[in-house]
Amino acid sequence: MGLATGVRHNHTGGRTLALLGLLVLFAITLSPAHAQAGVVAEHTYTYSQTATFTLTFPPETAPDTATLYVKVGTHTQDYPAPVIEDVAQQERNLSEEPFPPFTTISYWWDYQDVQGETRTTEKQQFLYEDNRLAWQTLRDGAITLHWVTGDKVLMNNALNIAQSAIDEIQETLKAQVLDSVTIYIYPSLPDLQSALQLTGYEWVGGQAYPEIGVVLLAISPSSEAILKMKRNIPHELTHKILYDLTGPQGYAALPVWLVEGLASVFERSPDPTYALALQRAAQDGKLIPMETLCHPFPAETDRALLAYAQSQSFVRYLQQTYGWSQIRALINAYKDGLECSTGVKQTLGADLTTLERNWRVWMEQQNQDSAVSATWTYVATIVRDLAPWLILMGLLCVPACFLWVGTALRPH
């Protein structure tokens, strides 16, 4: 009995070892070949200028060529490169082929070894941040703050403002917990402008990249720093929370007036230039149609400022008229892919043109004595809107009037 049992165990062990060997061989066959020992992949870059990738081979093992693969987001691009003196090198002109700011870049190389087998290096990653400046760092939960100049007391205030803004926005919009967010505070507007020179928004004091959870701000450590933090930090964080709330496609479907209007409403230190720009445009009859602001804002500084001012006022009117629950329902409507005017019609029961007229009446009432009736203000607004058509109708009726008078006076 004992001998037989022992034999069976030996046979079982042999079969197990054989099976394991086959599995290992099968795994090796399926796995891609990695780079040979001694091959070194490296990278360097200067923000917004050039990125250099190199692959160095041990002596007498270098192939004639190697191929660099660079992955940005979901897009991968290949760059064949010659191997000269045991080194393959590829430069990318970042002024012509820019990387998205403050995003993670992945890269690897392919080449053939001396036996003719294809080898692939391990994938490497790096954060493409503005390395022209020496950044300091603070962290608080999901928030990471980088800054250049200013003491830690000021930057702890910035963290507190950010956390308080997140709590308020999430509670108001009934949003889920925010994903991690990284805030970069540049020491001056020119510094930020140079970092944003490829984005087309060089004049702004901040920029959010909600898809990667990055916020860029220009706040110098001056006496006005806290005031600017209370204005700009909640504004940009609103973009991130809306993105997390709606997802990439839903966020892209949101009207710009709704996104920027909400961001401006949540500012804790209102921008006084908004009210002035809005009042002046209303008096001069130069308000931008809200339908136009469904799409990207104007590029001109003055009109862009007015677009922000109108969006803030319009969203505030909607909130005071319909409440935050309906604003949240409006966000959900666009999340579901509805068109700009269709979203407000379905959610609020009125088309965008009617809402815009009501908003203008509401604005005028804010600036008039309470004795002025809402009915008269509404009628005056309608008459003003229809004035061009009334004038045209009048001009068309003048010849008919002359013809009628002439016919009436003609002796029969």
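The values are calculated or read from the model by the stated rules, or taken from the named source; none is laboratory data. Given the structure is predicted, the values throughout are model-derived calculations rather than measurements. With ideal geometry, Cβ positions are generated from the backbone for all residues, glycine too; neighbour counts draw on all protein chains shown. These accessible areas exclude ligands, DNA and RNA; they are computed on the full protein's heavy atoms, side chains included. Shrake-Rupley method; radii C 1.70, N 1.55, O 1.52, S 1.80 Å.
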Completion exercise
Going through segment 77-97 in order, the residues found to be out of contact with any strand residue (DSSP E or B) (no Cβ under 9 Å at 6 or more places or on another chain) and part of a loop (DSSP other than H, G, I, E, B) are 85, 96
Exercise for the section: Of the numbered conditions (1) farther than 28 Å from residue 86 by Cβ; (2) surrounded by fewer than 13 Cβ atoms within 10 Å (Cβ to Cβ); (3) modelled with pLDDT of 95 or more, residue 151 fails exactly one; give the number of that condition. Expected result: (3)
Exercise for the section: Report, by residue number, each residue of segment 94-118 that is over 30 Å from residue 129 (Cα atoms), open to solvent by 70 Å² or more (accessible area, probe 1.4 Å) and without any contact (Cβ under 8 Å) to a residue 12 or more places away in the chain. Expected result: 115
Completion exercise
Flagged pairs (Cβ under 8 angstrom, 6 or more apart or on separate chains; first in segment 315-340, at positive phi; second in a helix (DSSP H, G or I) and crowded, with 17+ Cβ neighbours inside 10 Å) are 337/250; 337/253
Practice task
Go through segment 51-93 and give me each residue that's within 39 Å of the chain's Cα centre (by Cα), open to solvent by less than 30 Å² (accessible area, probe 1.4 Å) and within 11 Å of residue 111 (Cβ to Cβ).
Solution key: 55, 66, 68, 81, 88
Exercise for the section: Answer yes or no as to whether residue 228 is under 20 Å from residue 312 (Cβ atoms), open to solvent by 20 Å² or more (accessible area, probe 1.4 Å) and among the basic types (Lys, Arg). Expected result: yes
Completion exercise
Flagged in segment 119-130 as open to solvent by less than 70 Å² (accessible area, probe 1.4 Å) and assigned to a loop (DSSP other than H, G, I, E, B), in numbering order, are 121, 129, 130
Problem - Subset of segment 320-347 that is of a type in the set (A, V, I, L, M, F, W, C) and outside any loop (DSSP other than H, G, I, E, B) - its residue that is surrounded by the most Cβ atoms within 10 Å (Cβ to Cβ) - result: 344
Problem - Unmet requirement for residue 188, which otherwise passes all of (1) out of contact with any His (no Cβ under 8 Å at 6 or more places or on another chain); (2) at pLDDT below 85 - result: (2)
